[in-house]
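First the structure, in the form of structure tokens, and then the observations on it.
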Amino acid sequence: MNDHQLLRYSRHILLDEIGIEGQEKLLAAHALVIGAGGLGSPAALYLASAGIGKITLVDHDTVDLTNLQRQVMHTTARVGQPKVASGRAALQAINPEIEIVALAERADAARLAELIGTATVVLDCTDNFTTRHAINRACVDAKVPLVSGAAIRMDGQVAVFDARSGATPCYACLFPPDQQFDEVQCSTMGVFAPLVGIIGTMQAAEALKLVAGIGESLANRLLMLDARTMEWTAIRTTKSSDCPVCSGPSGH
Ligand SMILES: [Zn+2]
């Protein structure tokens, strides 16, 4: 780190948990943020300000006026732009010293596997089960830790799925792919603006902890927030012995 970086990251370096060594791990890391919306905005903003050396944003969508109530990485002036271009502008304005890769595409399973193979940590900031399962499978295959967030109406949840450890559950252990869920998406439903900020910021915190090797991650736990009462519920999660993704003959 040069003198300028020592100043920029001084409040991290002063932390016993991070220090120069931890900050260097952050600077050497590549975070893949899939979804540049309500969760991806705060997550990516904090990863950039904290000095994650390379951030790849993936999102096929463009900025819409209805996004601005909660997707704080975007601005009124950037309505109509690809979300990843708008996001890159926001992240570069905060930290021009890191690399931002903007991919305006809807990544399919093959593309996800390719992208996830190069990542230190993956943040699932998407809003549909099909993509969530594809991201999970690619993370299990590549043994890359996954920080998963979700928020709808007044309810949020956050969890870590760390495939580097064979003992912890994956996303599919908790939400079996063959099970039917009522799919509710922010694109059509209401969502409380700061809720995505709370959950997305927690995703950034967990990603930074995983990269720097700090503390205990949310692997084995699912945290759920009811923003009406601001009450958190932690559920202990376990690996499913018949999970089609991480257990059995084709699993790990
Ligand atoms: Zn599993």
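Every residue, every condition in (1) of a type in the set (Asp, Glu); (2) assigned to a loop (DSSP other than H, G, I, E, B); (3) farther than 22 Å from VAL211 by Cβ; (4) in contact with a strand residue (DSSP E or B) (Cβ under 6 Å, 6 or more places away or on another chain), yes or no:
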| site | (1), (2), (3), (4) |
| --- | --- |
| LEU7 | no, no, no, no |
| LEU47 | no, no, no, yes |
| ALA89 | no, no, yes, no |
| GLU105 | yes, yes, yes, no |
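Considering only residues that are of a type outside the set (A, V, I, L, M), surrounded by 11 or more Cβ atoms within 10 Å (Cβ to Cβ) and under 15 Å from PRO96 (Cα atoms), which ones fall in the stretch 1-16? Result: GLN5, ARG8, TYR9. For the subset of the stretch 124-171 comprising residues that are among the acidic types (Asp, Glu) and part of a strand (DSSP E or B), which member is least open to solvent (accessible area, probe 1.4 Å)? Among them, the one singled out is ASP124. Checking each residue in the stretch 193-252 for being assigned to a loop (DSSP other than H, G, I, E, B), crowded, with 18+ Cβ neighbours inside 10 Å and of a type in the set (A, V, I, L, M, F, W, C) picks out LEU218, CYS243, VAL245, CYS246.
Being within 16 Å of the chain's Cα centre (by Cα), away from the ligand (no atom under 15 Å from the Cβ) and among the charged types (D, E, K, R) holds for only one residue in ASP162, ASP127, ASP155, and it is ASP127.
Is it true that GLY213 is in contact with a helix residue (DSSP H, G or I) (Cβ under 6 Å, 6 or more places away or on another chain) and more than 13 Å from the ligand (Cβ to nearest atom)? Steps first, please.
Working: in contact with a helix residue (DSSP H, G or I) (Cβ under 6 Å, 6 or more places away or on another chain): no; more than 13 Å from the ligand (Cβ to nearest atom): yes.
No, not satisfied.
The combined condition, being without any contact (Cβ under 8 Å) to a residue 40 or more places away in the chain and either over 23 Å from VAL196 (Cβ atoms) or open to solvent by less than 10 Å² (accessible area, probe 1.4 Å) (or both), is not fulfilled by LEU91. Inspect all residues belonging to the stretch 30-41 and state whether any of them is more than 14 Å from VAL211 (Cα to Cα) and assigned to a helix (DSSP H, G or I). Within the stretch 30-41, one or more residues are more than 14 Å from VAL211 (Cα to Cα) and assigned to a helix (DSSP H, G or I).
The values are calculated or read from the model by the stated rules, or taken from the named source; none is laboratory data. All figures in this text were calculated on a predicted structure; none of them were measured in a lab. Counting neighbours? That spans all protein chains shown, and the Cβs are built from the backbone with ideal geometry, glycine included. Each accessible area value is taken on the protein alone, full model and side chains, heavy atoms only, with ligands, DNA and RNA left out. Shrake-Rupley method; radii C 1.70, N 1.55, O 1.52, S 1.80 Å.
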